[in-house]
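Asks: Starting off with a structure, shown below.
Values in this text are rule-based calculations from the coordinates and carry no lab data. In this text, all values refer to a predicted model and were calculated from it rather than measured experimentally. As a convention, Cβ positions derive from the backbone with ideal geometry for all residues, glycine included, and neighbour counts pool all protein chains shown.
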C-alpha cells in the first residue's frame with residue numbers, strides 16, 4: 001500500500017473542502033434563507049481559503065491564475081497539483 005505524502009494529504013483536504021463549498025451552494029440554491037446552510041457554507045469557504053493559502057505557500061500555485069510570476073513563468077516550474085509524488 002502506497003502512503004500519501006503530506007502534499008497529497010493537503011490536496012485531498014482541499015478537494016474535500018471545495019466539494020463541501022460546492023455542495024453547500026447547491027443546497028442554498030433551493031434553500032436560500034436557511035441560516036444553518038449559510039453558516040455551513042461560510043465555514044467551508046473559510047476552510048477552503050485557508051487550505052488553498054497553505055497549499056500554495058508550501059507547494060506553489062494550484063492554478064495558472066494563482067501564479068505570482070514576476071521574473072519568470074513559475075506555473076510550469078513545479079509538478080502540477082494533480083501529479084503524484086513529493087515534488
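Asks: Identify all residues within segment 16-70 that are over 25 Å from residue 6 (Cβ atoms), out of contact with any helix residue (DSSP H, G or I) (no Cβ under 8 Å at 6 or more places or on another chain) and outside any helix (DSSP H, G or I); write none if there are none.
Replies: 32, 33, 70 - these are the residues of segment 16-70 that are over 25 Å from residue 6 (Cβ atoms), out of contact with any helix residue (DSSP H, G or I) (no Cβ under 8 Å at 6 or more places or on another chain) and outside any helix (DSSP H, G or I).
Asks: For segment 41-62, which residues satisfy the criterion of being more than 23 Å from residue 9 (Cβ to Cβ) and buried (at least 16 other Cβ atoms within 10 Å of the Cβ)? Outline the logic, then answer.
Replies: Pass one, segment 41-62, residues more than 23 Å from residue 9 (Cβ to Cβ): 41-42.
If the condition is that a residue be more than 23 Å from residue 9 (Cβ to Cβ) and buried (at least 16 other Cβ atoms within 10 Å of the Cβ), then 41 is the only one that fits.
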